[in-house]
Amino acid sequence: MNEAEVERQIEQMVRFIKQEADEKSMEIKLSAEEEFNLEKLQLLEQEKAKIRKEYERKEGQVEVKKKIEYSKQLNEMRLKVLAAKEASVQEIIAEAKLSLRDVCKNTTSYRKLLQDLLVQAMKKLNEKAVTVSCRQVDLLLVKEVLEPARKAYTAMFGAEAPALTLDQTNFLPPPPADDDDVESCCGGVVLTSADGRIKCSNTLDDRLKIAYQANLPTVRAKLFGVVAKGQH
């Protein structure tokens with residue numbers, strides 16, 4: 001084989017090797033690009049998943065905050081409604097207290113009322129001897145009705161009335177004045193057992209409290225209507 005043929009074969013071998021190298025290089029390049037694209041896609045999906053999760057978390061926080069705020073506003077409104085209702089009830093009680101001031105102005109009817117209150121308190125205490133307390137301004141009126149009250153008790157219940165002792169030293173608070181901070185009493189009597197252990201307050205103020213408690217559901221129903229079950 002002459003030198004020219006050797007050179008030609010060497011050139012063919014070089015071209016073949018170079019072609020294989022190029023093909024292998026292209027194969028490696030394509031494989032690398034495919035692997036890169038796949039990894040990039042995976043990373044992209046991971047980031048998308050993180051973003052979605054973060055968005056869902058923040059969206060959940062927003063929903064929770066909205067619910068909390070709604071609940072807070074709802075409770076505030078309920079409290080305002082309750083406060084307004086209570087204010088309306090207290091206004092009625094205040095008007096009733098003002099009306100009680102006028103009860104003792106009619107001496108005839110007030111004397112009869114004192115007698116009835118005495119009879120009722122005697123029955124409630126059911127003691128043989130009791131002490132009667134009243135306002136200082138009612139002292140003379142109460143003196144007048146002690147015996148009539150005892151007679152009315154006997155006639156009504158067919159039993160001997162308890163002995164009544166009028167306390168002329170310790171009096172109930174005076175009639176109401178314009179100053180609300182001063183303790184007052186609109187009238188009535190307080191009966192105490194002889195040993196001082198049992199007391200029955202039959203003042204107009206306490207009778208109003210009893211009437212208030214007993215009739216509060218009715219008053220609320222008339223003022224605000226009947227509330228259906230399950231409503232607040």
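The values are calculated or read from the model by the stated rules, or taken from the named source; none is laboratory data. Computed from a predicted model, the values in this text were never measured in an experiment. Cβ sites come from the backbone with ideal geometry, for glycine too, and all protein chains shown count toward neighbours. When the accessible area is computed, the model is the full protein with side chains, heavy atoms only, and any ligands, DNA or RNA have been set aside. Shrake-Rupley method; radii C 1.70, N 1.55, O 1.52, S 1.80 Å.
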Å² per residue, accessible surface of region 1-144 at 1.4 Å: 81 Å²
Distance-filtered residues of region 108-135 - backbone nitrogen under 19 Å, label point 7 angstrom along T154 Cα→Cβ: 115-124, 126-131
Set of aspartates and glutamates with alpha-carbon distance to K85 below 19 Å, sequence-local pairs under 8 removed: E76, E95
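Subtracting the Cα-Cα distance from 0.36 nm times the residue separation, let me have the gained length for D116 to I17 in nm, one decimal.
Contour length minus the Cα-Cα distance gives 22.5 nm.
Please state, as a whole number in µm²/s, the translational diffusion coefficient that the Stokes-Einstein equation yields for region 40-155 at 4 °C and 1.567 mPa s, with Rh defined as the Kirkwood radius across alpha carbon pairs. Walk me through the intermediate numbers first.
On the way: Rh = 21.1 Å.
It comes out at roughly 61 µm²/s.
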Positive dipole terminus of region 27-100, leading residue within I92, L43, L82 (C-beta point charges): I92
Apportionment of accessible area to carbon and sulfur, the chain, percent (1.4 Å): 56 percent
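Using heavy-atom solvent-accessible surface (probe 1.4 Å) with all chains present, what is the largest-first order of T131, T108?
Details: T131 45, T108 100 Å².
These residues rank, largest area first, as T108, T131.
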Nitroxide proxy distance, nm - points 7 Å out along Cα→Cβ at A83 and K128: 5.7 nm
Chain lengthening between E144 and F171 when straightened (0.36 nm per residue, less Cα-Cα): 8.0 nm
From the coordinates shown, Kirkwood radius over Cα pairs in Å corresponds to which of (1) 26.6; (2) 19.1; (3) 29.3: (1)
D22 accessible area, assembled protein chains, probe 1.4 Å, Å²: 80 Å²
Peptide ranges 193-201, 8-16 listed from the most packed, as the mean C-beta count within 10 angstrom indicates: 193-201, 8-16
